[in-house]
1. Quick one: Debye curve from the C-alpha atoms of the chain, no solvent, what's log10 I(q)/I(0) at q = 0.27, 0.28 Å⁻¹?
2. Using Cα pairs under 8 angstrom and six or more residues apart, how large is the relative contact order of the chain, in percent?
Amino acid sequence: AIVLDLIMPGMPGIEVLRALHDKSYSGGIIIMTGSQNEELLREAWSLGPQEILIKPVDLERLLTAIQLVLVCREC
């Protein structure tokens, strides 16, 4: 499972997400972001993450998302 931020120095998280999608990455992906950019968020959803969490992230929600990704890889 990967926990990924969309806004990062160097290679933006959306680029990482595109690369993972292009390589048919089969693991779970959870995105955490402070971005409110609706176009960026729509694109991120289209690339298949299991969850997008908006910062500040509730730790219980993050833990639940991680558990779901690890237990249910098809969800």
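Where a number appears in this text, it was derived from the coordinates with a stated rule and is not lab data. Worth saying up front: this structure is predicted, and the values here are computed from it rather than measured.
1. Relative scattering, expressed as log10 I(q)/I(0), comes to -1.39, -1.44.
2. Working: 86 pairs, mean separation 24.8, N = 75.
Relative contact order of the chain: 33 percent.
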